[in-house]
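To keep things clear, I will list the structure first and then write my remarks on it.
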Ligand code: PFF
């Protein structure tokens, strides 16, 4: 008996050492704050500042906001809790987590997430490069001396090799995106605490400060209140199926769900901490940035309408040009000094938001190669960054430089960047749907409960548990399954033809 005990305790001891060893090698967040800031950093990104306002503008403002909030709290929050629980329970990357908890076959779902991450980062880095270039051109160049911002943007995204100097700065988006990818790689190569956590601890608070500063200023502008009204007073006649589809899709993208980013970050999160409350804080932090971005953009747009003496509806707020064409025009109207300060700060904010997201996107494949293939972090980071940068080149040249990529015949004449962005949306919703099926039908919802009790001793008796069970077992698989089908039909055949 004693021998058996010794044998057992010895094995237990070695197992413990081994786990501690892997945990130490993998790295972890220093505490709850570090994790929350990093996960909120992943969530807060171009999706909040670039995509949310234009989707809101296209979908009736306040009514879109309402739908979006419902999606976040009724559907996305439970998915987020589930993802973090998977990562922390398995203590591994996306592939390792699914295969450890559900067997090798489920590992493919992790690989699918890693693939989705690469897809997203490939086009995301291109748009981040545009924003980085605008930050430099507005702060230190003479972009605000142009008064044909549409023309400038068209040329800027079209000719990525334009190395000619504009106001003392290069105009090549190839250079800007490359620098942006290098910044991302530099942070990720420093590891979890020294790289990801430390950079988020600086960038996230700065982002909030800049955002609040610009909002306060924009609310003092003439006609700002009419923008606030458009944004905050819902008109229920604007509620359409498209509004719900766009709201759900955007909520999923914005919270970085469905592709393993939160599984990976969750795997670095201490067992002592509370997942349910941390996920609530992350959701609120992300939603508040999306919400206040609208509060910043719409007063600015209505101010421009006032200045130009036109109807706000006449200002094209739809699509990506909102922040690259309409906003610079507004900064121009503010005058050379104030325009440079407010415009420069705005694009710095966009860069911070994008960088905290690109870091999380790069970490997903990196964690996979470090955990599964035992490659050295630094080497993997730079290699992956290079591969993903190259994968982004077709998106970069699809804005006019290569006509064949500017109008894809099989994709209703849309450009390659839009195609990749849409494919990512599909990957995320399919990934989220399969993840909820994984929890309820394979891993077991009771195992998720066991994980959630760590750091939250009252979880088993809480209402949150019932809510999570209902959503993960029934609502998420059905709704996300349906949404995936609708998005596929919408993207390839046009939703107007469906309804
Ligand atoms: N949530 C980011 C945004 O709103 O811009 C985008 C994103 C980042 C999606 C990380 C997915 C992800 F894993």
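The numbers here are math on the coordinates, done by the rules we state, and not lab data. As the structure is a computational prediction, the values presented were derived from the model and not from experiment. All Cβ positions, even for glycine, are placed from backbone atoms using ideal geometry, and neighbour counts span all protein chains on display.
Tell me the angle of helix 275-308 to the major Cα principal axis of the chain, expressed in degrees between 0 and 90 and rounded to the nearest ten.
The angle comes out near 0 degrees.
Can you compute the label reach from residue 337? Point 7 Å from Cα along the Cβ direction, backbone N cut-off under 20 Å, restricted to the stretch 139-158.
Of the residues in the stretch 139-158, 139-146 have backbone N under 20 Å from the label point off residue 337.
Per the Kirkwood definition applied to all pairs of different Cα atoms, how many angstroms is the hydrodynamic radius of the chain?
Numbers: mean 1/r = 0.0429 Å⁻¹.
Mean inverse Cα-Cα distance, inverted, gives 23.3 Å.
Can you bin the stretch 116-274 into rounded, prolate or oblate? Criterion: square roots of the alpha carbon gyration tensor eigenvalues sorted a ≥ b ≥ c, rounded for a/c under 1.5, prolate for a/b above b/c, oblate for the rest. Each step should come with its number before you reach the end.
Details: a/c = 1.60, a/b = 1.07, b/c = 1.49.
Judged from the Cα gyration tensor, the stretch 116-274 comes out oblate (a/c at least 1.5, b/c at or above a/b).
What full-extension length gain, to one decimal in nm, is calculated for residue 74 and residue 462 as 0.36 nm per residue of separation minus the Cα-Cα distance?
Values: separation 388, 0.36 × 388 = 139.68 nm, distance 1.65 nm.
Value of the extension gain: 138.0 nm.
Hey, how many Å between the Cα centroid of the stretch 196-222 and the Cα centroid of the stretch 448-486?
With the stretch 196-222 and the stretch 448-486 each reduced to a Cα centre, they are spaced 33 Å.
At q = 0.18 Å⁻¹, work out log10 I(q)/I(0) for the stretch 37-116 with the Debye formula, treating every Cα as an identical point scatterer and leaving solvent out; two decimals please.
Values returned for q = 0.18 Å⁻¹ are -0.88.
Arranged by the count of other C-beta atoms within 10 angstrom, fewest first, what order do 256, 345, 30 take?
Numbers: 256 30, 345 20, 30 14.
Least crowded to most crowded, the residues run 30, 345, 256.
Quick one: 276, 264, fewest Cβ neighbours within 10 Å first, how do they rank? All intermediate terms of the calculation are to be shown ahead of the outcome.
Values: 276 20, 264 30.
Result, fewest neighbours first: 276, 264.
Run lengths n ≥ 4 of DSSP H only: what is the helix-derived mean residue ellipticity at 222 nm for the chain, with -39500 (n - 2.57) per run over all residues, to the nearest 500? Kindly include the intermediate steps, with their values, before the conclusion.
Numbers: 22 runs with 350 residues, N = 499.
So the calculated ellipticity at 222 nm is -23000 deg cm²/dmol.
For the stretch 279-424, what is the convex hull volume of its Cα atoms per residue in Å³?
Details: hull volume 26.4 nm³, N = 146.
Convex hull volume per residue, Cα atoms: 181 Å³.
Just to confirm my numbers, what's the Cα centroid distance between the stretch 76-144 and the stretch 242-267 in Å?
About 10 Å separates the Cα centre of the stretch 76-144 from the one of the stretch 242-267.
Compare the peptides 353-361, 73-81, 171-179 by average per-residue count of other Cβ atoms within 10 angstrom and give them in order, highest first. Mind dumping the intermediate values first?
Working: 353-361: 25.9, 73-81: 23.7, 171-179: 20.7.
Descending packing order for the listed peptides: 353-361, 73-81, 171-179.
Restricted to Cα positions, what overall size does the stretch 102-198 have along the principal axes? Three whole-Å values, descending.
59, 29, 19
In degrees from 0 to 90, rounded to the nearest 10, what is the angle of the helix 476-493 Cα long axis to the longest principal axis of the chain?
40 degrees
Give me the distance in nm between label points sitting 7 Å out from Cα along the Cα-to-Cβ direction at residue 194 and residue 309, one decimal.
Each label point is offset 7 Å from its Cα along the Cβ direction, giving 6.2 nm.
Quick one: angle between helix 336-372 and the longest Cα principal axis of the chain, in degrees between 0 and 90, rounded to 10, please.
Approximately 30 degrees, to the nearest 10.
Using a ≥ b ≥ c from the Cα gyration tensor of the stretch 375-449 (square roots of the eigenvalues), is it rounded, prolate or oblate, where a/c under 1.5 gives rounded and otherwise the larger of a/b and b/c decides, a/b for prolate? Each step should come with its number before you reach the end.
Working: a/c = 5.62, a/b = 1.54, b/c = 3.66.
Oblate is the answer for the stretch 375-449, as a/c is 1.5 or above yet b/c matches or exceeds a/b.
Rg to Rh ratio, the stretch 193-245, alpha-carbon atoms and Kirkwood radius?
Values: Rg = 17.7 Å, Rh = 14.5 Å.
On the Cα set of the stretch 193-245, Rg over Rh gives 1.23.
So for 51, 379, fewest C-beta neighbours within 10 Å to most, what's the order? Let's see the in-between values first.
Working: 51 24, 379 12.
Fewest-to-most Cβ neighbours within 10 Å comes out as 379, 51.
Relative contact order (percent) for the stretch 48-149, with alpha-carbon contacts under 8 angstrom and 6 or more residues of separation? Please list the in-between numbers first.
Numbers: 45 pairs, mean separation 10.6, N = 102.
Value for the stretch 48-149: 10 percent.
Quick check: from the Cα gyration tensor, does the stretch 353-499 come out rounded (a/c under 1.5), prolate or oblate? Present the calculation step by step, with values, prior to reporting the outcome.
Details: a/c = 3.09, a/b = 1.35, b/c = 2.29.
In terms of gyration-tensor shape, oblate.
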